[in-house]
Structures are given as structure tokens and as C-alpha cells.
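Below you'll find the structure, written out as C-alpha cells, and then a few comments.
Every number here is computed from the coordinates shown, using simple stated rules; none is lab data. Because the structure is predicted, anything quoted here is derived from the model rather than measured. FYI the Cβ positions are ideal-geometry reconstructions off the backbone, even for glycines, and counts take in every protein chain you see.
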Amino acid sequence: MSFLRSNSIIPVLVCHFFFLANVCFAHPASGIVVDAQGHVYFIYTNHGVMEVGPMGNLANIHKVDRGGHWLALDGGGAFSRERLKEYERITPDGVIPCLIFASGGAPLVVGTDGNLYYGSNGSQEESFPTGAMTVARLRPGSEPELFAPLLKQKLAELNDGITGIASGPDGSIYVATWNGLVVLNRNGSIARIVHPVKVSDCDSDPADHNPANASSPLLRGLGIDSRGNAFMAATSCHRVVEVTPDGHITSILKSERPWSPTGVAVRGEEIYVLEYTNANGPSNEGWYPRVRKRAKNGTWTTLVTVPPHNSSALH
């Protein structure tokens, strides 16, 4: 049995007391994953986990009354029979691939090695609970352990914190922060850092409408392709940016207001983006999601939009 404790009703709230003007704000989900058959799963905050089938049909496969933030796909089924205590496996026992849902807590990903990596505060005394200061690892059937010993100090030096996690094709772990990208080797050492990630065409929309956050692109969900390119949701810039292994930064999607990207998933040569309305403001401004897809030929299409009048039906 895994060691993480239950956290299924924590609201979507991120508090960064160690960087960026002591910001604390709620924000909509960044969880989006795509399986090998092309089924798209994303979180609709305060409603549940939505599935978009190959024919474009939309269904709520895991209903919730509140919260919902991160989502991980366990393609190999390493956790398909595990009881996760700080995250929630929402697929039945033995079903592969399995889906792991986080109402709150911290970003997570199942790596190519079948282990679960997640954001932690780094406290060994507390058995590495969720947080935004370093990365911990959970092996199936075991207890959490520190994965990246030097990351906490480096993020403190950068005055930054973890906002997203993804797995690279070579087993490396990619970490998004408010302002940058950190790539971790398979042994947890720091391979490279791109900081700050400068979005040259940023349509600035500060997180929580706080002018103190105006300098940050608020990088959140990210996906990695087979060449190690990172596609990152720059939520406060209304952009998705590509960061290449040599540090070149290019905007590949410009979201028109009120839409902002919050999450990214990569499947082969396809890129999937979760967007929300009013993602840099409070929920009472209206958080409604849509999913966009960039095909191999570079064209963008909208797979699904959840307008306000459909929300009650999907709840």
C-alpha cells in the first residue's frame, strides 16, 4: 500500500509564501492527458474528469462537487491496484491505463520507469508531503522518497516554485515553475535550467489580477515530445510556448481573451491544450474549459468547448 494520505476534498488553491510577492490564489485546473488510443481526459474544475472520445463525444467520468486540478496517466498500470492516499486513482482495480486524479496537493506525473513523481515541500520528517519546493518519488508499494536533493535550494535561489511536472522520453523529469523550466536527470540531479522563460509576445494578464505578478508568465502545465521539446502553458501571457533543448523559446499558440492555456499534453506529433476562461482571476469570473489540438501538419482545431449552459448537465 502506498503511503500518501487522502486529500480528495482540498480546494484548488496554491499559496506561494516563498516567492513572487507572497502570492496566494485559486486557479482552474491544468490536468490534461491523452492515452494511446487518442482518448483525451481533462479536469473541469468543480465538476470532474471529462473524457473526449475519438468521435468527439464528451462525458464526465468522475464527478466531483468541488476542486480538481492535476491528472496523471499511468500507461503501464504500475499503480492500477495501488491505494494512493494523497491522490486518487479513479479507474477500477486492474484497469490499464489508469488515471490518477489530484483535487489539490501538487502536480504529478508517472514517469517512463513506472514511478510517480510529484511536487513536495521536501520534509523527510513529514514523509515528503505535497508542495512546490522539490520533487519526490513514489515507487509502487513503497513509501515516498526525495528524488531531487539539490532542487529545493536551487528554486530558493531563483525565488521560484513548482507549478507543473512532466516526463521526458529518456526518463528525465521536466519541472515547470512560475518563470522557468528545470530538467532533472534520471538520478534526480539537475540537467539544465531555462530561467527565466521570456515570452516575447506576452499578452500580460497577471495572476490573481495582482500587479505584483505582472512580470511572470505563470508557466503551468507542460508536455514533452520525443525530441525533448517542452510545450508549456504560459497562463498569464495567453500563450503556449515551445522551449527547445538548446533553450530557444517560441510561441506556438496565442489564445484570445478570455481564454488562457492551463495544461498541455503531447501524443506523438500532436499537441493538446487545455484552456480556461478567466484563468487569471477568481472563479466567480467564470471558469469554463475547452480543448484544442495541433495536428502533425501544424493546424489547430477545437475538440470540445464546455459553455456555461452545459455545466449543470455535466455535473
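Before moving on, here are some points about what is shown:
- Matching residues, the range 88-139, being in contact (Cβ under 8 Å) with a residue 40 or more places away in the chain and hydroxyl-bearing (Ser, Thr, Tyr): Ser103, Thr112, Tyr117, Tyr118, Ser127, Thr130
- Considering the range 190-214, the residues that are in contact (Cβ under 8 Å) with a residue 12 or more places away in the chain and part of a helix (DSSP H, G or I) include one that is farthest from Ala26 (Cα to Cα), namely Ala212.
- Residue match in the range 102-117 (condition: within 19 Å of the chain's Cα centre (by Cα), more than 27 Å from Leu158 (Cβ to Cβ), of a type in the set (S, T, N, Q) and crowded, with 21+ Cβ neighbours inside 10 Å): yes
- Residue within the range 268-276 that is crowded, with 24+ Cβ neighbours inside 10 Å, out of contact with any Gly (no Cβ under 7 Å at 6 or more places or on another chain) and among the small types (Gly, Ala, Ser) present: no
- Note on the range 210-246: among residues that are polar (S, T, N, Q) and under 16 Å from Asp160 (Cβ atoms), the one that is surrounded by the fewest Cβ atoms within 10 Å (Cβ to Cβ) is Ser215.
- Residue satisfying condition, being polar (S, T, N, Q) and touching a Lys or Arg at 6+ places or on another chain (Cβ under 7 Å), within set Thr235, Thr250, Thr244: Thr235
- Only a single item in (1) surrounded by fewer than 22 Cβ atoms within 10 Å (Cβ to Cβ); (2) touching a Lys or Arg at 6+ places or on another chain (Cβ under 8 Å); (3) closer than 25 Å to Gly281 by Cβ is not met by Val64, and it is number (2).
- When Ala78 is tested against the conditions (1) touching a Cys at 6+ places or on another chain (Cβ under 9 Å); (2) in a strand (DSSP E or B); (3) among the hydrophobic types (A, V, I, L, M, F, W, C), the lone failure is (2).
- Pairs where the first residue, in the range 241-268, is part of a loop (DSSP other than H, G, I, E, B) and the second is of a type in the set (Gly, Ala, Ser), C-beta under 6 Å, 6+ apart: Pro245/Gly228
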